[in-house]
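A.B. asks: So that we are looking at the same thing, I have put the structure below in structure tokens.
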Amino acid sequence: METKNRRLSLVAGPNGTNYLFPFVMVTSLFLMWGFAHGFLDVLDKHFQNILKLSKAQSGFIQFSMYIGYLAMAIPAGLIMKRFGYKKGIVLGLALFSLGAFLFYPAAKLGTFIPFLIALFVLASGLTCLETAANPYSIVLGPKESASRRINFSQSFNGLGWILGPLIGGLLIFGTKDTYDDTKFDSLLWPYMAIGSVVFIVAIVFLFTSLPDIKEHSDEDTEDNPPMRLLLKHPFFILAVVAQFLYVAAQTGVNSFFINYVTEELPNVQAPIGRIMDHLGYFGEVFMPKNSNQAASLILAIGGMGLFWIGRLSGSYILKFVSPGKMLTFYGLANSFLLLLVFFGLGNISVVALFCSYFFMSIMFPTIFALGVSDLGALTKKGSSFLVMAVAGGAFCPPIMGLISDNFGTAVGFLIPLFCFVFISYFGFVSIQKFNIKQSIKS
């Protein structure tokens, strides 16, 4: 009785196994793909500038990235099932590195399509990483602390989202735009560095011993239940829809954040510059040279900074508040904030926009943990669908861009507003589901 009631460690396995090292290794992956996505968020405005693309056309940057999740998610899940988490991670890192290196020929060709192909390959690698790392972090410890564990890992993903636009804004918007053969050089060396680092990490994982943990189910006794059994889990299907809409909302907000800020506050460079004057060496390095770089600083430090704080605090708050209640409240908060964005109230709307990142912070990992909570032996296959739902990010930016081109950027933000309303509904349903389950157990 004493053993049963004692406090469980966050990364304690059966029979006293300590999963701290593999948990640290896997958590490092969250940082890497967060950086990759955050760096991507400055590309939309950059390509609008140097190739004179419309907002709808620039939305295909995110489309080519996130459609990779749709194409690769099921194969990635099958790879995990057949070869285990470790080999899936190494494959993901290899594709990630290859996609980054493909920026070299794309930059030399100097046209839009090769960049989209490189991003697709890179996204295929990220799909393998997410398909492996999300469920792996969930099972590296007691089931009772799964939501806390994945939110803690995802907090490093949030740190990557901060570094991505911060460094991207410096390297891309911090250089003078040119319209000759060197106009893509600002992308070339950052992606070569990313590819090199990821390749080294792949080698480290290749020679690192990681436990291959199997998920257990109270209901299923077969090692390989058919995928069609997922249809018997209606709550899981609802989770896939919620995840699709969450990533659509987040990607849409990310894609047009810089557009919105520079349109609402055309002189945003001046106040951001005054703040940087008081930050010493850091301020000198990141001193905005134009309004686009100033907006990327707001995205990195304001939006993604709050996103990271939300992940860290969310992991702690989940000790005391159920995931469903937290998801419901955060979804309603973001619905209200994006309503303020829609009304275009200048400073108020810009503050509301970057505050929305705090409430987005816990959504992906919480939806993921809730979605796979009762899948047992179907966890790996189910996780591939939840990762495939990341394809929602492919469809929102082109639609938001089309609306923005015709009706204004603020109107386009009605799309993520709708998504957050649905996420609140999913959170409410999860409260009811787990209250009923708890009542049955009692």
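A.B. asks: Report the net charge of residues surrounding ASN259, where surrounding means a beta-carbon distance below 15 angstrom and charges are Lys +1, Arg +1, Asp -1, Glu -1.
C.D. replies: -2
A.B. asks: Separate question: Express in whole angstrom the spacing between the alpha-carbon centres of the range 310-326 and the range 233-296.
C.D. replies: 24 Å
A.B. asks: Still on this model: Distance cut-off 20 Å, Cα to Cα: go down the list LYS232/LYS433; LYS381/LYS433; LYS87/LYS232; LYS86/LYS381; LYS232/LYS381 and report the pairs above it.
C.D. replies: Exceeds cut-off: LYS381/LYS433; LYS87/LYS232.
A.B. asks: To the nearest Å, what is the center-to-center distance of the range 24-87 and the range 149-173, using C-alpha atoms only?
C.D. replies: 13 Å
A.B. asks: Order by neighbour count: LYS319, LYS81, LYS380, LYS325, fewest other Cβ atoms within 10 Å first, most last.
C.D. replies: Placing the least packed residue first, the sequence is LYS319, LYS325, LYS81, LYS380.
A.B. asks: Tell me which DSSP H helices of the chain clear both cut-offs, 27 Å or more of axial length from alpha-carbon atoms and a mean Kyte-Doolittle hydropathy of at least 1.6.
C.D. replies: Qualifying helices: 20-40, 185-206.
A.B. asks: Counting other beta carbons within 10 Å of each residue's own, what order do ILE272, ILE348 fall into, fewest first?
C.D. replies: ILE348, ILE272
A.B. asks: In Å, what Rg and Dmax follow from the Cα atoms of the range 1-141?
C.D. replies: 19.0, 68
A.B. asks: Here is a follow-up. Ranked by Cβ crowding within 10 angstrom, fewest neighbours first, how are LEU109, LEU31 ordered?
C.D. replies: LEU109, LEU31
A.B. asks: Given just the C-alpha atoms of the chain, how large is their convex hull per residue in cubic angstrom?
C.D. replies: 142 Å³
None of the figures in this text is laboratory data; all of them are computed from the coordinates on show. Worth saying up front: this structure is predicted, and the values here are computed from it rather than measured. Quick reminder, even Gly has a Cβ in these numbers, built from the backbone with ideal geometry, and neighbours come from all protein chains shown.
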